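Trainee: First the structure, which I've put down as structure tokens, then a few questions once you've had a look.
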Amino acid sequence: MFAVLKTGGKQYRVTTGDVLRVEKIAAETGDKIQFNEILMVGKNVGAPVVDDAGVQAEVIDQIKGEKTINFVKRRRKHSSKRTKGHRQQLTLVRIGAILETGAGKSGVMAALNGTGFMSASMIERAANKGAPSSLKAAANAERASQPKRAAKTAAPKAAPKAAKPVAETEAPAGSDDLTAITGVGPAAAKKLVAAGVTSYAALAAVDVDTFDAVKVKPEWVAQAADLAK
């Protein structure tokens, strides 16, 4: 009887006694492992996998693949070939029992692809039929099983700052319109009012050299004197 299993993103047609080189599996030499992603067992085709089916195997050795030659074609007589230094990490396994049913209760460690660190909870989960097929998936499953952290309590919002009181710059009732003087704009008029100059007579009495609230021009004083008459 044969089976089609999936591991490391690849599919393999296996029978009992076959020796395979598969993508690195997190296991030691001599360990017994079980492939749980079985796409086909004999005439039983999965959708996409066969429920409760498994293929058991023994880890023979952890090996590295051969160096590959990379051909670079440029133009005639100028092509080159270089040997890549990378060697893929592989696991040599010998296929054992092919289980049509009962894989979930076999108690054999699931074959996990990857080279990273395995925590105790990952190894314990790997013994179950529903174990993920990669270390990354195992880490995600472990993270999902941990209790979620309590949501941070939102800090109470600070009370809005009170608006600063606006200085009273409006001209009091009965005052003269200082903007009628040529050259005095609204901003200058407000400064004059804030300084207590609210009438033409008051502006006519301003000393140009000593008044500091706003730069008063002599023409303003002359016009204010005329308007105050």
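Trainee: If you stretched the chain out fully between Ala222 and Ala97, how much longer would it get, using 0.36 nm times the residue separation minus the C-alpha to C-alpha distance? Display every interim value, and only then the final one.
Mentor: Values: separation 125, 0.36 × 125 = 45.00 nm, distance 11.52 nm.
Full extension from Ala222 to Ala97 adds 33.5 nm.
Trainee: Mind ordering 24-31, 39-46 by average Cβ neighbours within 10 Å, highest first?
Mentor: 24-31, 39-46
Trainee: Taking the simple approach of a point 7 Å from Cα along Cα-to-Cβ for both Asp177 and Glu66, what is their distance in nm?
Mentor: Each label point is offset 7 Å from its Cα along the Cβ direction, giving 10.2 nm.
Trainee: Turning to a different aspect of this structure: Give me the extension gain from Arg74 to Phe2: residue separation times 0.36 nm, minus the current Cα-Cα distance, reported in nm with one decimal.
Mentor: Extra length available between Arg74 and Phe2 comes to 21.3 nm.
Trainee: Students often check this: by mean Cβ neighbours within 10 Å, which of 60-67, 185-192 ranks highest, and how do the rest follow?
Mentor: Averaged packing, sorted descending, gives the order 185-192, 60-67.
Trainee: Can you pull the one-decimal nm distance between simple spin-label points at Asp18 and Asp31, each 7 Å off the Cα toward Cβ?
Mentor: Computed distance between label sites Asp18 and Asp31 equals 2.2 nm.
Trainee: Additional query: Please give the peptides 76-86, 13-23, 97-107, 206-216 ranked by average Cβ packing (other Cβ atoms within 10 Å per residue), highest first, as a rough proxy for protection.
Mentor: 97-107, 13-23, 206-216, 76-86
Trainee: Where in segment 1-68 are there chymotrypsin sites (Phe, Trp or Tyr not before Pro) that are in a DSSP coil and have at most 15 other Cβ atoms within 10 angstrom of their Cβ? Please report the intermediate quantities before stating the final value.
Mentor: Numbers: sites: Phe2, Tyr12, Phe35; in loops: none.
Those that pass, being in a loop and sparsely packed, number zero.
Values in this text are rule-based calculations from the coordinates and carry no lab data. What you see is a predicted model, and the numbers here were worked out from it, not measured in a lab. Cβ sites come from the backbone with ideal geometry, for glycine too, and all protein chains shown count toward neighbours.
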